[in-house]
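To keep things clear, I will list the structure first and then write my remarks on it.
The values are calculated or read from the model by the stated rules, or taken from the named source; none is laboratory data. Everything quoted here is computed from the prediction, not taken from an experiment. Cβ atoms come from the backbone with ideal geometry, glycine included; neighbour counts cover every protein chain shown.
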Amino acid sequence: MAQQLQRQNETVDLLAVIDAILPKTIIQPDKDDDAKLVLRLAEAIKNWFNIEFAVSYNELRDLPLDEQFHFLFSKANLKISDTEMAQHLQSYQLFKTHIQAMRNYIPQIYPQEITLFKASKIITHDFETHEFHTDDPLLGWGKYSSQPINMIEIPGNHFSIFNEPYIQELANHLKTSLRHTQKL
């Protein structure tokens, strides 16, 4: 969005990236995408409801999507109606469309500073992917900025940084970054 705004001669005072990995290569969809994405959803559910449960990739990958969802909610001990399940599956399809749009994005060099808010904890999965994990401390953004990356580490993981108590720290750093750009 920042690139598009600049091409329209708009001013972008702050480009803030919140714990987003920029993979080294375009990620192609594969037959096991649903299981991987449902496992990411499991991590979000753990944070939303402050619960702990375990689901593995091997348990999900051979199940049809609706059964993956039923299995996930069962493991999380969450009861949902058929109507709610249909809504979750519909929302999931939109989520998958957004994921594919992100995968298709070809980044360009950004001419101004990028502020990267990075979660301090890594979520580990029992499958390999460059989409949800990187060893690059700048999450892949360093080679797409003509300025040094302003990296700010936030306690928590990719999902918990948006919940208490970590959201307060993220909000404070974001406010500070916005104030800094307004002074420039």
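Applying the condition of being outside any loop (DSSP other than H, G, I, E, B) and within 13 Å of the chain's Cα centre (by Cα) to the range 16-35 and asking which residue is surrounded by the most Cβ atoms within 10 Å (Cβ to Cβ) yields VAL17.
Candidates in the range 121-148 are the residues that are farther than 21 Å from PHE162 by Cβ and at pLDDT below 90; of these, the one that is surrounded by the fewest Cβ atoms within 10 Å (Cβ to Cβ) is ASP135. Every condition in (1) among the aliphatic types (A, V, I, L, M); (2) crowded, with 17+ Cβ neighbours inside 10 Å; (3) part of a helix (DSSP H, G or I) holds for ALA101 except the one numbered (2). In summary, ASP13 fulfils each of the numbered conditions (1) assigned to a helix (DSSP H, G or I); (2) not assigned by TED's automatic domain parsing to the domain that holds LEU78 with the single exception of condition (1). Is at least one residue of the range 165-178 within 13 Å of LEU14 (Cα to Cα), loosely packed, with under 12 Cβ neighbours inside 10 Å and among the charged types (D, E, K, R)? The answer is yes, given that some residue of the range 165-178 is within 13 Å of LEU14 (Cα to Cα), loosely packed, with under 12 Cβ neighbours inside 10 Å and among the charged types (D, E, K, R). Within the range 36-75, the residues that satisfy the criterion of being of a type in the set (S, T, N, Q) and not in a loop (DSSP other than H, G, I, E, B) are ASN47, ASN58, GLN68, SER74.
Of all residues in the range 109-142, exactly one satisfies the criterion of being assigned to a strand (DSSP E or B) and of a type in the set (Lys, Arg), namely LYS118. Would you mind stating whether ILE80 is in a loop (DSSP other than H, G, I, E, B) and touching a helix residue (DSSP H, G or I) at 6+ places or on another chain (Cβ under 6 Å)? Criteria met by ILE80.
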